[in-house]
Amino acid sequence: MARLLTYHSPAPGQVYPTVAMLLELRRCGHEVHVRTSASEVERLGALGLHAAPVDPHIEEIEIDDWRGRSQVDSLRRLVRAFAARAQLELPDLRRAIAQIGPDALIVDNGCEGAMYLAEASGLPWAMYCPYPPPFRSLDAPPHGLGFRPARGPLGRARDRMWRRLGDRLLAPELRPLNELRASLGLAPLRTFDEQYLKADRFIAFTAEPYEYHRSDWPSSVRLVGPGLWEPPAEPPPWLGTETRPIVLVTASTAYQRDDKLIATALEALAGEDLAVVATTAALDPAEFHAPPNARVERFAPHGPILARATCVVCHGGQGITQKALPAGVPACVVPFCRDQFDVARRVELSAAGVRLHHKRLNPNRLRAAVHTAITQRPGAERIARLFADAGGPSAAATAVEELAIGGGGDGAHRDASPTIRSSA
């Protein structure tokens, strides 16, 4: 059996998708160590994982892309925050490797410093990604823009133009990353997304056909379906007596100025024969007025609520979206930033819900969008069946075992002729 070390970035949306995989690895007899946010150490330790906190200075670096004056400004803020964290992640992971002596590494794709050290370490390593894969493809539109997949020569020309523009915009942000790579003896990155294909395995917590089909999936990629673990919790007492259809409305666990979504949903659905449950997460629930058919709480266990829900209204975080669809619950997605535009488009094209841009958000439009989304349960149920076929925690654990004990740590990412690869 192998000794494994996982390195997380300090955000629940990056931590929780891996937990079922890590527990499966532990069940198979592997010794699983985790470096994670301080708030999750006790929780993960109670599950039988060897958990310790990342350098606390990493958690002190604010992700402030919500302050961006434009989508480009928001992207640059996000990239710079990750680069600042990378400077601390590199020595932090180096210390963890020295302490634990792992046989293989599992690294969050939001931890650039840890990624580079893993690449330079000589150890077999896997990268995991809990949101739409950010590397480019001939078949998928540029990451982060929410475009439909291209059709015909004009569509492909559109994608080429936006990729060139994105490469130019991010070129200055590569300098500090390449300086960090040079300190480890690694070759410089030519494009920002190139770094995501350096691992021996890329574990994508998603699956086709919700994820766009690509004829050029790199051979390192494993599509394993969503990571659905959440902290165990009893169903809320009111749930057993609620007889109305339930609409779950959620905001991001990381502050993203999406308070308008909660407020608009409460207003839009106030007169409907629905039970509205709004979880505000990073937002103060006291800021919102709940009509008689609604309850507003900072946190509530999503699992038991989704089992009864008729629709989810969300900001388009991959976490909540890919919890709704496996439960067969359609989503009304209102994207605000980051990869949320891509998530919203995937939901729309999967016929598993509705996309409504935040700039068009008002009570009338949202009410209509919710009612349309409710009719799309068959699409959500179809995606649920196909997600289940991807293999889940077992497929993810197998991808790691290929490296740790199966001799798979052979630099598969260096294959110049990528092939389609799925764990379905």
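Annotation note: trypsin sites (Lys or Arg not before Pro) in the stretch 12-118 located in DSSP loop regions with a Cβ neighbour count of at most 12 within 10 Å are 69.
According to the Cα-based calculation, Rg over Rh for the chain is 0.95, with Rh computed by the Kirkwood formula.
Scalar couplings 3J(HN,Hα) for the stretch 14-28, obtained by applying the Karplus form with A = 6.51, B = -1.76, C = 1.60 to θ = phi - 60°, are 9, 7, 4, x, 8, 5, 4, 4, 5, 5, 5, 5, 5, 4, 7 Hz; x denotes Gly and Pro. Of the residues 229, 238, 66, which exhibits the maximal mean-square fluctuation in a Gaussian network model of the chain defined by a 10 Å Cα contact cut-off? Evaluated over the chain, the most mobile residue of the options is 238.
Close amide H contacts of residue 107 (hydrogens built in the peptide plane, cut-off under 5 Å, sequence separation of 5 or more or a different chain): 7, 126, 127, 128. Volume per residue for the stretch 27-123 equals 116 cubic angstrom (convex hull of Cα atoms). Find how many whole Å separate the alpha carbon centroid of the stretch 195-254 from the alpha carbon centroid of the stretch 304-342. Taking the Cα centre of the stretch 195-254 as reference, the centre of the stretch 304-342 is 9 Å away. Exposure proxy shown here: for 111, 129, the number of other Cβ atoms within 10 Å sets the order, fewest to most, as 129, 111. Of the residues 372, 243, 264, the one that moves most in a GNM of the chain with alpha-carbon contacts below 10 Å is 243.
Amide H contacts for residue 219 (H built 1.01 Å from N in the peptide plane; partners 5 or more residues away or on another chain; cut-off under 5 Å): 419.
On the basis of the beta-carbon distance and an R0 of 25 Å, residue 213 and residue 72 show a calculated FRET efficiency of 0.30.
Taking a temperature of 10 °C and a viscosity of 1.306 mPa s, what whole-number D in µm²/s does Stokes-Einstein yield for the stretch 237-386 with Rh from Kirkwood over alpha carbon pairs?
Estimated diffusion coefficient is 108 µm²/s.
Phi angles of the stretch 350-358 translate, via the Karplus equation with coefficients 6.51, -1.76, 1.60 and θ = phi - 60°, into HN-Hα couplings of 7, 6, 10, x, 10, 10, 9, 4, 4 Hz per residue; Gly and Pro are given as x.
Applying the Karplus relation 6.51 cos²θ - 1.76 cosθ + 1.60 with θ = phi - 60° to the stretch 173-185 yields 3J(HN,Hα) values of 6, 6, 4, x, 5, 6, 5, 5, 5, 4, 5, 9, x Hz, where x marks Gly and Pro. Here 258, 159 are placed in order of increasing Cβ neighbour count within 10 Å, fewest first, which gives 159, 258.
Output the 0 to 90 degree angle, nearest 10, between the alpha-carbon long axis of helix 392-404 and the longest principal axis computed from the alpha carbons of the chain. So the inclination is approximately 10 degrees. Residues 79, 276 in ascending order of nearby Cβ atoms (within 10 Å, fewest first): 79, 276.
Helix 340-349 and the long axis of the chain differ in direction by around 70°, with both axes built from C-alpha atoms.
Relative to the dominant Cα principal axis of the chain, helix 112-121 is inclined by about 30°. Note on residue 241 and residue 394: with the Förster distance fixed at 41 Å, the Cβ-Cβ geometry gives a FRET efficiency of about 0.65. Note on the stretch 237-386: dipole from Cβ charges, positive end direction compared against 350, 293, 307; the farthest Cα belongs to 350.
May I ask you to list the lysines whose Cα is less than 23 Å away from that of residue 323, ignoring any residue fewer than eight positions away on the same chain? Counting by Cα, and skipping residues close in sequence, residue 323 has these lysines nearby: 260. Fraction of C-alpha pairs exceeding 28 angstrom in the stretch 39-180: 31 percent, rounded to a whole number. Under a 5 Å amide H cut-off, with hydrogens placed 1.01 Å from N, residue 298 pairs with 280 among residues at least 5 apart or on other chains. Legend: calculated FRET efficiency, residue 187 to residue 80, from the Cβ-Cβ distance at R0 = 22 Å, rounded to 0.05, equals 0.45.
Taken together, the values in this text are just the output of simple stated rules run on the coordinates, not laboratory data. This one's a predicted model, so the numbers in the text were calculated from it and none came from an experiment. Here Cβ is always computed from backbone atoms with ideal geometry, including for glycine, and neighbour counts include all displayed protein chains.
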